[in-house]
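Reading through the structure tokens given below for one structure.
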Amino acid sequence: MSGTVHSRGSIRRRLMVQLLLGAAVLAIALFFIVQSLARQLAEESQDHILAAAASAILDAASVRQGELQLDLPYSAFSMLGNLSNDRVFYAIHFDDTFVTGYDDLPLALESNNFGPRFVTRLFRSEEVRIITAERRLASAGKPVTVEVALAQTRDGQRDQLNWISQTAATLGAGFFVSVAVLAFLAARSSISPLLRLTESVGRRGPQDLRPVAAPVPSEMAPLVAALNRFMDRLKTSLSRSEEFIADAAHRVRTPLATVRTQAEITYRRVEKEENRTSIREMIRAIDESSRAAGQMLDHAMVTLRTDHLEQAVVDLNTLSAEMVDRLRPMAELRDIDLVLNVLNKVATVGDAILIQGALRNILDNAIKYSSTDSTITLSVSQNAGWAQLKTNDQGIGFPENGVEALKNRYARGANVEGVVGSGLGLTIADEVARAHGGSLNIANNTEGPGACVTLSFPLC
Amino acid sequence: MRHLILSLVLILYPFTSGAFEIEEQVLFGPENSARMIRVISTGDVRVFEPMITGFLAENTDVAVDYTVVSSSELMKAISQEEASFDVAISSAMDLQTKLANDGFTAPYSSQATEALPEWARWRQDLFAFTQEPATIVLSKEAFAGLPLPQTRQDLISILRQHPDKFRGKIGTYDLRQSGLGYLFATQDSRTSEVYWRLTEVMGALDAQLYCCSSDMINDVSTGKLAVAYNVLGNYALSRADTDRFIVLLPSDFTTVMMRTVLIPRNAQNKELAEPFVDYLLQVAWNNAGQPSKQLYNSIMTLAQKEDSLRRIRLGPGLLIFLDTYKKRSFLTAWENAILQE
């Protein structure tokens, strides 16, 4: 099973980026909206004051004997000074002739015979807002027009706008920062159910394939439902595999045993030497098939079970004693003495079935490769923080070269031709040891002939 | 002190080389200095000498060319002839405001200008450095045995009760000649109608018209006048003969004029003009908002009269009374009141 997952992007980062981008767009929009509203308001308020001042001036105009009488009201200009310290210019035209004020101040646009006209333009190298308003009077029976042009610079407005711009910028920045903090919190809280689910699924194994029952957000419900269905199928599939393996072991081994018995009976009956040789060959082949089938099923079981290793305390002393008892009859058939030597009481954490399988394969090998009338010793000890199951025999030992290669699947020693073997025994033991975080060490005895195979497991 | 300064007094009547009329020109500081500040001012040399001396003590290589003109000549020099001056000082608030409004000033901002009260500054162009109340000067001799008036209304009552005593013995500015008189009169008329009643009473009693405060005070001192209306209080109090008259700050309202300084647009030594203005403002305002004694030897404490003070407000409102139509109609009304032939 592969431990690497191809990941691209991150939900949290994507959420953050999207929220921040949204916030940035909103903050900038806020800035420009506030600024443009402020500009509009400032312009309108200047226009209103200019209009009020212009109408105050026009109200003070009258015609007496064809002469313009104009008592400029002080308030007209002082009200302009109230809003800001802006400069003021004015020009008054009577009957299309300039009469007083600044003669270079232009009237804004043509008369529309309606309301005041506004224009913004440069006057004396400064930008000014000019209002032009007019009033119709009558003189000697004919209409005359008084026009006033009133202009004000826009420094105050500019200052005000700068201030508002700064405020709006601060507001926008504050808004952005608040949203950034909120986005961070939101991303973290929205990702947390996923983390909880990950943790919950990570705890599942072959012994624990319960559906996830804790409530999850509705968006994750389909995923969790699919996961639960998947785990359910996996559970079914796992139990089927185990059933199949047990079933297959049973169905293959039992007929083989029957065939072997029948072959032995036949062996005893036939007398011709060539027939007896044939039947011996047959029995040998049956033994080989039986062992191979058993080990292949063992190996399949190991592969299956090590994927999700069970975590239970395994008493290695009891386990060793049981295994020695079980194999002793087989050893005695060959007059081999199987000795259990317990030095310490040790235990490890793991799958007892797997450890049994590993030990059985090692002892099986030892019995198989030992000469008759020899001794096999299984020592259970504690050594440098490890629980060790050490098997010593007095057989042919391992070949000098390529000891480590023997752990590979279907690899057999160069010196064991003629002995029935599948080449899976050490592979199984090695995989079991490694699945438990331990190791398999194979070597020859330092004193005398024979092999020394050590299974090491972490102590619990 | 004055003998320490190399002073060059040029009394130039008439001064013909320029179109504007110079009354007096004095050079302070080293002769032929490359660093020269040209000051155009309506203030007497006597008034500004201590301040300029103080400035030169801190800037020893700088010379100050001090030119005295009338306020209307100052206006003409800056706005029409665009003469090259670095600093312009005037008591004519309206004309100074018009110079600033019409763009003849160079804006200047510093710690000293920003420290000014709101009412002592217009934009970054015009800075006030004195507060000079318009007062009523009463002859002690003439008012012996009479109750001293406190308000214009009091004065009107006394004048009406004793027409013979005061006939021909009331002095005030001739608004047609004096810009300051016109400024005071227009501001008085804005504040209260009582101004017009008083003017009519004065007109009925054959008021004498003057060009300047000092002449009026002289005549009060000699007994030729009993009452002088709208006289600069600082002038009166800085005289030696203050025992002969009473300087009254009317308690109904006292119009306060402020002298202002500006830097003309075409100043050639702005880098010298700016510290000069800073120094002037610091000297003027270093005493918690009160005008400095270095500028005016004034014993007048305005703080106690704060409620009745009407400081003339700098700003575009001052342009109104400079308008030809407005001025013509105001002077017509005034002439009708004061010249009752």
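The values are calculated or read from the model by the stated rules, or taken from the named source; none is laboratory data. Remember, it's a predicted structure, so these values are computed and weren't measured experimentally. Glycine also receives a Cβ, built like all others from the backbone with ideal geometry; neighbour counts cover every protein chain displayed. Ligands, DNA and RNA are excluded from the accessible area calculation, which covers all protein heavy atoms including side chains. Shrake-Rupley method; radii C 1.70, N 1.55, O 1.52, S 1.80 Å.
Which percent of the accessible area of segment A:14-162 is formed by carbon and sulfur heavy atoms (probe 1.4 angstrom)?
Details: 4170 of 7590 Å².
Carbon plus sulfur share of accessible area: 55 percent.
Measure out, as a whole number of angstrom, how far apart the alpha-carbon centroids of segment A:189-208 and segment B:57-120 sit.
That distance is 82 Å.
Enter the mean number of other protein chain beta carbons within 10 Å of the beta carbon of each residue in A:266-274, as an integer.
Values: counts 0, 0, 0, 0, 0, 0, 0, 0, 0.
What the average comes to for A:266-274 is 0.
Can you give me the C-alpha center-to-center distance between segment A:337-367 and segment B:224-258, rounded to a whole angstrom?
126 Å
Please give the total accessible area that chains B and A bury against each other, computed with a 1.4 Å probe and expressed in Å² to the nearest 100. Could you put the intermediate results ahead of the total?
Working: alone 14930 and 26560 Å², together 39500 Å².
When B and A are taken together, about 2000 Å² of accessible area is lost.
Have a look at the DSSP beta bridges in chain B and tell me what percent are antiparallel, nearest 5. Walk me through the numbers before you get to the answer.
Values: 26 of 44 bridges.
Percent antiparallel among DSSP bridges in chain B is about 60.
Which far-off residues, 5 or more places away or on another chain, put their amide H under 5 Å from the one on A:L309, with H placed in the peptide plane?
Counting only residues 5 or more places away or on other chains, the set is empty.
Pick from B:T135, B:T172, B:T151: which residue has the top mean-square fluctuation in a GNM of chain B where Cα pairs under 10 Å get a spring?
Maximum fluctuation in the GNM of chain B, among the listed residues, is at B:T151.
May I ask you to order A:448-460, A:161-173 by the average number of other C-beta atoms within 10 Å around their residues, highest value first? If you can, show how the numbers build up before the last one.
Details: A:448-460: 19.0, A:161-173: 14.8.
Put in order of decreasing packing, that is A:448-460, A:161-173.
Per 10 Å bin, what percent of the C-alpha pairs of chain B does each bin hold, from zero upward?
All Cα pairs considered, the percentages come to 5, 25, 33, 24, 11, 2, 0.
Counting Lys and Arg as +1 and Asp and Glu as -1, each charge on the Cβ, what is the dipole of segment A:309-460 about the Cα centre in debye, to the nearest 20?
Working: 11 positive and 17 negative charges, 45 e Å.
The dipole of segment A:309-460 has a size of about 220 debye.
Please compute the Kirkwood hydrodynamic radius over segment A:182-258, one decimal place, Å, based on all pairs of different Cα atoms.
Working: mean 1/r = 0.0653 Å⁻¹.
Kirkwood radius, segment A:182-258: 15.3 Å.
Quick one: how many lysine pairs in chain A have C-alpha atoms under 27 angstrom apart, if they're 8 or more apart or on different chains?
Details: A:K345/A:K390; A:K368/A:K390; A:K368/A:K407; A:K390/A:K407.
Step by step, the pairs that qualify in chain A add up to 4.
Which distance in Å, rounded to a whole number, links the C-alpha centroids of segment B:142-204 and segment A:375-406?
When both Cα centres are located, 133 Å separates them.
Take every residue in peptide B:311-323, count the Cβ atoms of other chains within 10 Å of its Cβ, and give the average of those counts.
Values: counts 0, 0, 2, 2, 10, 14, 11, 4, 11, 11, 3, 1, 8.
That works out to 6 on average.
With a 1.4 Å probe and all protein chains kept in place, how do A:D232, B:D154 rank by accessible area, largest first?
Numbers: A:D232 95, B:D154 60 Å².
Output order, biggest surface exposure first: A:D232, B:D154.
What is the percent of Cα-Cα separations in segment B:218-272 that go past 14 Å?
On the way: 973 of 1485 pairs.
Result for the distance tail: 66 percent.
What aspartates and glutamates sit close enough to B:K169 to cross-link, taking a C-alpha to C-alpha distance under 20 Å and skipping anything fewer than 8 places away on the same chain?
Within the straight-line cut-off, B:K169 pairs with B:E141, B:D154, B:E200, B:D206, B:D215, B:D219, B:D241, B:D243, B:E335, B:E341.
In the protein assembly as shown, with Lys and Arg counted as +1 and Asp and Glu as -1 at Cβ, which of these residues, A:V432, B:S178, A:L122, has the Cα nearest the positive end of the dipole, that is, farthest along it?
Going by the charge dipole, the pick is A:V432.
Build a GNM of chain B with springs between Cα atoms under 10 Å: which of B:V137, B:V256, B:V283 gets the top mean-square fluctuation?
Taking springs between Cα atoms under 10 Å, the residue moving most is B:V283.
What residue among A:M282, A:L363, A:S55 has its Cα farthest toward the positive end of the dipole of chain A, where the charges are +1 on Lys, Arg and -1 on Asp, Glu, each on the Cβ?
A:M282
Given a 1.4 angstrom probe, what's the average accessible area per residue across segment A:126-234, in square angstrom?
Details: 6230 Å² over 109 residues.
Spelled out: the 1.4 Å probe surface of segment A:126-234, per residue, equals 57 Å².
Which one of A:L195, A:A183, A:L161 is farthest out on the positive end of the charge dipole of segment A:148-225, using unit charges on Cβ (Lys, Arg +1; Asp, Glu -1) and the Cα centre as origin?
Result: A:L195, furthest along the dipole toward the positive end.
Given a 1.4 Å probe and every protein chain left where it sits, what share in percent of the accessible area of segment B:61-213 is carbon and sulfur?
46 percent
Would you mind counting up the charge near A:I279? Only other residues with Cβ under 13 Å from its Cβ, with Lys and Arg at +1 and Asp and Glu at -1.
Numbers: positive: A:R260, A:R268, A:R269, A:K272, A:R276, A:R280, A:R284; negative: A:E264, A:E271, A:E273, A:E274, A:E281, A:D287.
Taking every Cβ under 13 Å from that of A:I279, the sum is +1.
How much of the calculated P(r) for the protein assembly as shown lies past 50 Å, in percent of all Cα pairs? Before the final figure, lay out each step's value.
Values: 171041 of 320400 pairs.
Tail fraction, whole percent: 53.
Could you sort the residues of segment B:67-101 by number and keep only those whose accessible area is reduced by 40 Å² or more in the all-protein-chain setting relative to the chain alone, 1.4 Å probe?
B:N101
Could you state the orientation-averaged shadow area of the convex hull built on the Cα atoms of chain A, in nm² to one decimal?
Details: hull surface 170.0 nm².
With every direction weighted equally, the projected area is 42.5 nm².
Nothing charged except the Cβ atoms of Lys and Arg (+1) and of Asp and Glu (-1): what's the magnitude of the dipole of segment A:204-308 about its Cα centre? Round to the nearest 20 debye. Write down the numbers at each step before the final one.
Numbers: 17 positive and 15 negative charges, 39 e Å.
For segment A:204-308, the charge dipole is close to 180 debye.
Quick one: the Cα spread of segment A:1-141 along its three principal axes, in angstroms, biggest first?
Here the Cα extents, ordered largest to smallest, are 112, 29, 26 Å.
Pull up the DSSP beta bridges for the protein assembly as shown and report the antiparallel fraction as a percent, rounded to 5.
DSSP beta bridges in the protein assembly as shown are roughly 80 percent antiparallel.
Mind checking the mean number of beta-carbon atoms from other chains within 10 Å of the Cβ atoms in A:72-85?
Neighbouring Cβ atoms belonging to other protein chains average 5 per residue here.
Compute the relative contact order of chain A as a whole-number percentage, counting only Cα pairs closer than 8 Å that sit 6 or more residues apart in sequence. Please list the in-between numbers first.
Working: 664 pairs, mean separation 48.9, N = 460.
Here the relative contact order equals 11 percent.
Might you report the magnitude of the Cβ-based charge dipole of segment A:14-162 about its Cα centre, with Lys and Arg at +1 and Asp and Glu at -1, to the nearest 20 debye?
Details: 13 positive and 18 negative charges, 105 e Å.
Computed charge dipole of segment A:14-162: roughly 500 debye.
Where the eigenvalues come from the Cα gyration tensor of segment A:309-348, what are the semi-axes √(5λ) of the equivalent ellipsoid, largest first, in whole Å?
Numbers: eigenvalues 124, 31, 6 Å².
Computed over segment A:309-348, the values are 25, 12, 5 Å.
What Kirkwood radius, in Å to one decimal, follows from the Cα pairs of segment A:309-460? Each step should come with its number before you reach the end.
Values: mean 1/r = 0.0651 Å⁻¹.
In segment A:309-460 this quantity evaluates to 15.4 Å.
State the volume of the convex hull built on the alpha-carbon positions of segment A:204-308, expressed per residue in Å³ and rounded to an integer.
Numbers: hull volume 8.7 nm³, N = 105.
Once divided by residue count, the hull of segment A:204-308 is 82 Å³.
Under 23 Å between alpha carbons, and skipping anything fewer than 8 positions from B:K326 in its own chain: which lysines qualify?
B:K76, B:K98
Once you have a ≥ b ≥ c as the square roots of the Cα gyration tensor eigenvalues for segment A:281-361, tell me rounded if a/c is under 1.5, and otherwise prolate or oblate according to whether a/b is larger than b/c. Kindly include the intermediate steps, with their values, before the conclusion.
Details: a/c = 4.38, a/b = 1.22, b/c = 3.58.
Verdict is oblate for segment A:281-361.
Quick one: which residues, 5+ away or cross-chain, put their amide H under 5 Å from the amide H of A:V342? H built at 1.01 Å from N.
Correct list: A:V380.
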